[in-house]
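Chemist: The structure under discussion is supplied below as structure tokens; questions concerning it will follow.
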Protein chains: 2
Amino acid sequence: MKYGVATFPEKKIQDFANSFRKRYDPHYAMIPPHITLKEAFEADENLLSQVVKHLDNVARETAPFKVHLPKISTFHPTTNVIYIAADKTEHFKTLHEKINSGILYQESPYNFIPHITIGQKMSDDELHDVYGSLRMLKLEGETLIDRFHLMYQLENGSWTIYQSFLFQGSK
Amino acid sequence: MKYGVATFPEKKIQDFANSFRKRYDPHYAMIPPHITLKEAFEADENLLSQVVKHLDNVARETAPFKVHLPKISTFHPTTNVIYIAADKTEHFKTLHEKINSGILYQESPYNFIPHITIGQKMSDDELHDVYGSLRMLKLEGETLIDRFHLMYQLENGSWTIYQSFLFQGSK
């Protein structure tokens, strides 16, 4: 099965993201607006209890933290994605590294850049049009990160929740 | 905010359900195939911690149970819904009653009938066509129910996970 680890920003941020995703993100219907903490990975169902235990340990020692969402940005020209940027704080970096360790360790060609995708698979022209009008926006958004979720992918590409993990560390 | 409580059957059942939902269920993209345990309800965010505590208590005293999915059925003529029926065992009935108690108690005009919707808002003709060919199917499906999830609805109608609750009772 294909699994992934994500966290969902507060509802008002999700609604804001969806207003763009509806038009610019072909994955709009596959999963609500999210910040990916661990990219999709294949895991045997027999290993699931170990994956859960690992994630549970990470959540136990992580304290809830607030994340600033300062602006809209793009991964162009690497890939034609527009996203709401989240500040890459030490909290976030540590969280990602802890999740991506032990049984879930995988080397990645990309650096971890916490973000909420609002557009992808866009043509160059479309990306420049849309990003040109969004890049000047000052967002000043903020969201609390106090949990993450292990999700799995169905055959149609959509994602179902398997389990949520609440942060239990103290600040 | 609008909340709901649902449980997701095993992946192969979800994939099977989606093969029909894609064509016959306008809510296909809003939420993965599920069994509703508590219909959508409005709750003030200030009450959320009490709702979570209530659901946590229910999950703590509930033991995992298997559910037989014997056939495809319909709520017609009450409403033009086609669904995968789940046996209404004592386990299921008790679980629903416990969730729908205390702070979450609401009187409902419907009896609780555990099911996975695969088609809705169909015309009479369409329903009869589709149901006519599906009613003879013997499913012999089964799924383990060992958790449920508190979900909330976004402005576009889709549902996001808030928290999962794992059954911790002993059989």
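Chemist: Six or more apart or on different chains, Cβ atoms under 6 Å: show the pairs whose first residue is in the stretch A:110-133 and over 18 Å from A:A17 (Cα atoms) and whose second is open to solvent by less than 80 Å² (accessible area, probe 1.4 Å).
Modeler: A:F112/A:H96
Chemist: Of the residues that sit in the stretch A:95-111 and are of a type in the set (A, V, I, L, M, F, W, C) and open to solvent by less than 40 Å² (accessible area, probe 1.4 Å), which one is farthest from A:D44 (Cα to Cα)?
Modeler: Per the stated criteria, the residue is A:L95.
Chemist: Now, a different point. Identify, please: which residue in the stretch A:152-171 is open to solvent by less than 40 Å² (accessible area, probe 1.4 Å) and among the small types (G, A, S) and is, among those, farthest from the other protein chains (Cβ to nearest Cβ)?
Modeler: Among those residues, the one meeting the criterion is A:G169.
Chemist: Taking the stretch A:20-45 as the region of interest, how many residues are part of a helix (DSSP H, G or I) and loosely packed, with under 14 Cβ neighbours inside 10 Å?
Modeler: The total comes to 3.
Chemist: Next question, about the same structure. Would you be able to say whether some residue in the stretch A:46-53 is touching a strand residue (DSSP E or B) at 6+ places or on another chain (Cβ under 9 Å), open to solvent by 10 Å² or more (accessible area, probe 1.4 Å) and either at pLDDT 95 or above or within 14 Å of chain B (Cβ to nearest Cβ) (or both)?
Modeler: For the stretch A:46-53, residues touching a strand residue (DSSP E or B) at 6+ places or on another chain (Cβ under 9 Å), open to solvent by 10 Å² or more (accessible area, probe 1.4 Å) and either at pLDDT 95 or above or within 14 Å of chain B (Cβ to nearest Cβ) (or both): present.
Chemist: Could you run through the stretch A:135-148 and say how many residues are touching a Leu at 6+ places or on another chain (Cβ under 9 Å) and either part of a strand (DSSP E or B) or surrounded by 15 or more Cβ atoms within 10 Å (Cβ to Cβ) (or both)?
Modeler: From the stretch A:135-148, those touching a Leu at 6+ places or on another chain (Cβ under 9 Å) are A:139-143, A:145-148; that's our starting set.
Then keep just the ones that are either part of a strand (DSSP E or B) or surrounded by 15 or more Cβ atoms within 10 Å (Cβ to Cβ) (or both); that gives A:139, A:141-143, A:145-148.
Adding up the residues that qualify gives 8.
Chemist: Also, I was wondering about something else. Going residue by residue through the stretch B:116-134, is there one that turns out to be assigned to a loop (DSSP other than H, G, I, E, B), away from every other protein chain (no Cβ under 14 Å), under 14 Å from the mean Cα position of the chain (by Cα) and surrounded by 19 or more Cβ atoms within 10 Å (Cβ to Cβ)?
Modeler: Within the stretch B:116-134 (the criterion being assigned to a loop (DSSP other than H, G, I, E, B), away from every other protein chain (no Cβ under 14 Å), under 14 Å from the mean Cα position of the chain (by Cα) and surrounded by 19 or more Cβ atoms within 10 Å (Cβ to Cβ)), the answer is no, since none of the residues qualifies.
Chemist: Output the number of residues of the stretch B:72-94 satisfying the condition of being in a loop (DSSP other than H, G, I, E, B) and loosely packed, with under 13 Cβ neighbours inside 10 Å. It would help to see each step written out before you state the result.
Modeler: Let us first name the residues in the stretch B:72-94 that are in a loop (DSSP other than H, G, I, E, B), namely B:75-81, B:86-89.
With the extra rule that they be loosely packed, with under 13 Cβ neighbours inside 10 Å, the set shrinks to B:77-79.
Summing the residues that are in a loop (DSSP other than H, G, I, E, B) and loosely packed, with under 13 Cβ neighbours inside 10 Å in the stretch B:72-94 gives 3.
Chemist: Go through (1) in contact with a Pro (Cβ under 8 Å, 6 or more places away or on another chain); (2) touching a residue at least 24 places away in the same chain (Cβ under 8 Å); (3) not acidic (D, E) and name the single condition A:L47 misses.
Modeler: So the condition that A:L47 fails would be (1).
Chemist: Further, regarding this structure: Take the conditions surrounded by 15 or more Cβ atoms within 10 Å (Cβ to Cβ), small (G, A, S), in contact (Cβ under 8 Å) with a residue 40 or more places away in the chain and assigned to a helix (DSSP H, G or I) and apply them to A:A59. Does it pass?
Modeler: Answer is yes for this residue.
Chemist: Among the residues of the stretch B:66-122, which ones are β-branched (V, I, T), farther than 25 Å from B:Y24 by Cβ and touching a helix residue (DSSP H, G or I) at 6+ places or on another chain (Cβ under 6 Å)? Before the answer, list the steps.
Modeler: Just the residues of the stretch B:66-122 that are β-branched (V, I, T), to begin with: B:67, B:72, B:74, B:78-79, B:81-82, B:84, B:89, B:94, B:99, B:103, B:113, B:116-118.
Of the ones still in play, those that are also farther than 25 Å from B:Y24 by Cβ are B:89, B:94, B:99, B:103.
Matches in the stretch B:66-122: B:I99, B:I103.
Chemist: So, of the residues in the stretch A:7-19 that are at the interface with another protein chain (Cβ under 10 Å from one of its Cβ atoms) and part of a helix (DSSP H, G or I), which turns out to be most open to solvent (accessible area, probe 1.4 Å)?
Modeler: A:K12
The values are calculated or read from the model by the stated rules, or taken from the named source; none is laboratory data. Bear in mind that the values here come from a model prediction, so they are computed numbers and not experimental data. Cβ atoms come from the backbone with ideal geometry, glycine included; neighbour counts cover every protein chain shown. The area values use the complete protein model at the heavy-atom level, side chains included, leaving out ligands, DNA and RNA. Shrake-Rupley method; radii C 1.70, N 1.55, O 1.52, S 1.80 Å.
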